[in-house]
1. Could you look through segment 157-198, keep only residues that are in contact with a strand residue (DSSP E or B) (Cβ under 6 Å, 6 or more places away or on another chain) and part of a helix (DSSP H, G or I), and pick out the one that is farthest from L140 (Cα to Cα)?
2. Quick check: is even one residue across segment 388-411 over 15 Å from E509 (Cα atoms), out of contact with any Gly (no Cβ under 8 Å at 6 or more places or on another chain), assigned to a loop (DSSP other than H, G, I, E, B) and open to solvent by 50 Å² or more (accessible area, probe 1.4 Å)?
3. When segment 193-207 is examined, which residues are found to be within 23 Å of T159 (Cβ to Cβ) and over 24 Å from the mean Cα position of the chain (by Cα)?
4. Which of the residues that make up segment 432-453 are modelled with pLDDT under 95, of a type outside the set (F, W, Y) and surrounded by fewer than 19 Cβ atoms within 10 Å (Cβ to Cβ)?
5. For residues that are open to solvent by less than 80 Å² (accessible area, probe 1.4 Å) and hydrophobic (A, V, I, L, M, F, W, C), scanning just segment 1-26, find the one that is nearest to E94 (Cα to Cα).
6. Suppose the filter is at pLDDT 95 or above, farther than 21 Å from G542 by Cα and open to solvent by less than 10 Å² (accessible area, probe 1.4 Å); does F291 pass it?
7. If I ask for residues that are in contact with a Ser or Thr (Cβ under 9 Å, 6 or more places away or on another chain) and farther than 21 Å from I150 by Cβ, which ones from segment 555-587 would you list?
8. Scan segment 261-280 for residues that are farther than 20 Å from T157 by Cβ and surrounded by 14 or more Cβ atoms within 10 Å (Cβ to Cβ) and jot them down.
Amino acid sequence: MQESMKGLKRTHRCAELSTSNIGEEATIMGWVQKNRNKGGLIFVDVRDRSGIIQVVFEEESMNKEIIDKAASLRAEFVIAVKGKVEKRAGAVNENIPTGDIEIVPSELRILSAAQTPPFQIEENSKTKEELRLKYRYLDLRRPDMQRNLIMRSKVATLTRAFLASEGFLEIETPVLVNSSPEGARDYLVPSRIHKGEFYALPQSPQLLKQLLMCSGYDRYFQIAKCFRDEDLRADRQPEFTQIDMELSFVDIEDVMEVNEKLLAYLFKEVLGVEVSLPIKRMTWIEAMNRFGSDKPDLRFGMELVDVTEIAKETEFGVFTGAIKDGGSVRGINAKTKGNLGRKQIDKLVAFAKDFGAKGLAYIAIAEDGSVKSSFSKFLTEDQQTALINALKGEAGDLLLFAADKNKVVWDVLGNLRLELARQMDLMDKNTYNFVWITEFPLLEFSEEQNRFVAMHHPFTMPMDEDLDKLDSDPGSVRAKAYDIVLNGNEIGGGSIRIFQNDIQEKMFEVLGFTKERAHEQFGFLLEAFKYGVPPHAGLAYGLDRLVMLMAKEDSIRDVIAFPKVKDASDLMLEAPSRVDAEQLDELGLEVEKTEE
């Protein structure tokens, strides 16, 4: 039986009702969460995006038709209820905002019946994610998912309002663009009209927003869809959303100031959290030396300590060999972990090897002060004491050391630090610890391509004092780049842009571009620069990641309505999928068949 809404108009969402509405008539509409028949009384919990309210059907005082309908209700039926709001006759439910009221109905309509869902619609579901994503339209009914998407909407709305108040203009840039050779792989879109030619979906609106600065729009923003055909990672999405902005006639201080104000505004309005301004700053090299990461989690200590000077005097070949090869020896102190058994330490060693370590050396200090070390036979007593003192080792501590090239040591100890913090429950999701990371290397050397590549992108301005090193020592050039990091996650990044033609052409040269290739790929930008370009800078946030952290979730999939899984497929839509031969013919394409 399915009825219409005709003659009924919803007056309230379920959880919009309160004790102030007692005695009033209300009409609610939503999904049946639960139906409990207690013999003479039927209790039905009705749910919508605002929450749950209880509806009570009493056999003695209601006609048989409405009681029969109420008894037939099952989970996820869609119903409309008209009735009087009353104080609960039974026990108050303190777990929900409407726990002290109920609706006594005068009318019940079943708007849509429902089959038994493949999993229960409940908070903090233990259902496997694959099943939840296959039936995402059901998963999105869960209260925690709805709270996340409501929060995401609020963040977007407040961002628009704030940036508009700061003089930014919201301008859309196209989704069909040309392919870029730098960065991740593009998603390509074949052209039906221009057979054999392809559009690309934008990895970001980078060049277009720079052109908007050339066009005099001064302050631009956009909540932009971006696409990257990246290698598989657990928490990456092939399509994601950026809060994207660009500003003219500014320096680093201007960009940081407006973004600190934006973050403080969002956290205050959405979470009631005060962000202390100004946000602390740290150079890239300081972050790497102290935390082994350019996105350091500052909610806990366990900082890296450089013990190269002590290590080079030992007879431990692992240490001295790494130092001779230009590397370093560094350590971290895992407080209270000195009692770990050999098997548990071996697990940490195996974890470190996943990040390039050949092994880990350790010193364990027992509660009674006795010391056990994996390399004590290569140390004098003074050297062992010096290593313990350097890491501020105390009874009950576990000191872990890595020796290799700096990049490997940073990666190993930086990730080991995070793993230990997870094990020790040091990552408080109720703490929001921001930091700006500045002065990134402009370039990094790619062994695979045998050339320097841009650490951010080719349009980032070198620091003025390093410009003369572009020819002589490009690897040491620092960039006018900045990332905003929250709890060990990069939530946004940007830079001052190159706006002088000669510096831009020099940058392309250092990256191995011929003049012809640079003009072929970026000619429209270089051409625009001939007609007067203002100094400009920008920044883009990952909206998905920002909302994930605000919602205290572990995955961006929990704040995206219809996400894809690790292999970039959509389990609900069953995309990507094959297309008809006629469609391929029209595009002038042929799919090459491969052996299964």
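1. L163
2. yes
3. none
4. E444, S446, E447, E448, Q449, N450, R451, V453
5. Checking each candidate, the answer is A15.
6. In short, yes.
7. A575, P576, L587 - these are the residues of segment 555-587 that are in contact with a Ser or Thr (Cβ under 9 Å, 6 or more places away or on another chain) and farther than 21 Å from I150 by Cβ.
8. Residue satisfying the conditions is I279 alone.
The values are calculated or read from the model by the stated rules, or taken from the named source; none is laboratory data. Since the structure is predicted, the reported quantities are computational estimates derived from the model, not experimental observations. Note that each Cβ is placed from the backbone with ideal geometry, even for glycine, and that neighbours are counted across all protein chains shown. Calculation scope for accessible area: heavy atoms of the full protein, side chains included, ligands and nucleic acids excluded. Shrake-Rupley method; radii C 1.70, N 1.55, O 1.52, S 1.80 Å.
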